[in-house]
1. When the Karplus curve 6.51 cos²θ - 1.76 cosθ + 1.60 is applied with θ = phi - 60°, which whole-Hz ³J(HN,Hα) does each residue of segment 18-34 get, with x for Gly and Pro?
2. Can you pull the semi-axes for segment 2-253, root of five times each eigenvalue of the Cα gyration tensor, sorted largest first, whole Å?
3. Taking Cα pairs under 8 Å and at least six residues apart, what relative contact order does segment 1-119 come out at, in percent?
4. Please go through the residue pairs K14/K215; K14/K121; K14/K132; K132/K215; K121/K215 and name each one whose alpha carbons sit more than 18 Å apart in this structure.
5. Cut-off is 10 Å between beta-carbons; in what order do F127, F196 appear when sorted fewest neighbours first?
6. Fewest first, what order do Y208, Y175 take by the number of other Cβ atoms within 10 Å?
7. Could the peptides 61-73, 158-170 be put in order, highest first, of the mean number of other beta-carbon atoms found within 10 Å of their residues?
8. Can you sort H198, H184 so the residue with the fewest Cβ neighbours within 10 Å comes first?
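Read-outs: derived from the displayed coordinates by stated rules, not from any lab. Small disclaimer: the values here were computed from a predicted structure and weren't measured. When we count neighbours, we look across all protein chains shown, and the Cβ atoms used for this are built from the backbone with ideal geometry, even at glycine.
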Amino acid sequence: MILSAHVADVGVAKALNALRCTPDPAAIIGLRFARTWLTAELRRGMLPSIGVTGAIMIAAWDDDESLDRFLQHKGAKPYEDGWRVRLRPARTLGMLPGLPDLPRQERPTGDGPVAALTMGKVRANRFLPFIKAAGAAERDAATHPGFLEGVTLIRPPLVIGTFSLWRNAGDMRQYAVGSYPGGHMRAIEKDRKLQFNHDMFFSRHIPYAADGQWKGRDPLADLQPPVNRVQPAANDRVNDTEEAAASAGRAACGDDA
């Protein structure tokens, strides 16, 4: 099984449409899981980032061929002008409902880049303390020398997470559990005391192929060792059943949204 992340920098209306029209694993051959979130910038200052910057979809697939077929599918249209990355799971803590079980034991990541996905459902009576603690952690991430790119994930009303890319696992660990810069560890300590979330999910992944642009660039370009560039498939025919499901989805979600 592989995972993929699809990032689209789009306006609020298109982001909401993507949130509403998540592909259905029952209708897409080879798709095991898909979920979408609205995105916002990680905070770099004291004030929270309240503007929606787009949408992101995280999906799990039987194999690369299943993902290749989907990229020719109408369900991929909201993300066609964005950035996509293919991921091999390396380690997971907690559970994300609906996502097939991922490795619990650490898998080697080497010296290459890593992707991190975090997710939690915030307790309503802990929302303001959570936002304050998370802000310091976000600022430290965005200014860390090993940070490549990242975004806040939002699924109303209270599901909040992050998706981030790091130069290597060592840099990510230094930020997450080390003393430098320290904002994330302080947020962890506050969470232990106040229990911000009903549940938490964390997963680390190895990016092995990417294409498209995120904020006008590929954040994994020019890294050593390099991450492969995906070559677009030519004239792949979508399965008839999938096309019928896509047509039904367009009727419900709007093909031109």
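1. 3J(HN,Hα) across segment 18-34, in whole Hz: 4, 4, 7, 10, 4, x, 9, x, 5, 10, 10, 5, x, 8, 9, 7, 8.
2. On the way: eigenvalues 174, 87, 56 Å².
Largest first, segment 2-253 gives 29, 21, 17 Å.
3. 33 percent
4. Numbers: K14/K215 16 Å; K14/K121 24 Å; K14/K132 29 Å; K132/K215 26 Å; K121/K215 27 Å.
Long pairs (Cα-Cα over 18 Å): K14/K121; K14/K132; K132/K215; K121/K215.
5. On the way: F127 14, F196 23.
Going from sparsest to densest Cβ surroundings: F127, F196.
6. Sorted ascending by nearby Cβ count, the order is Y208, Y175.
7. 158-170, 61-73
8. Details: H198 13, H184 21.
Lowest count first: H198, H184.
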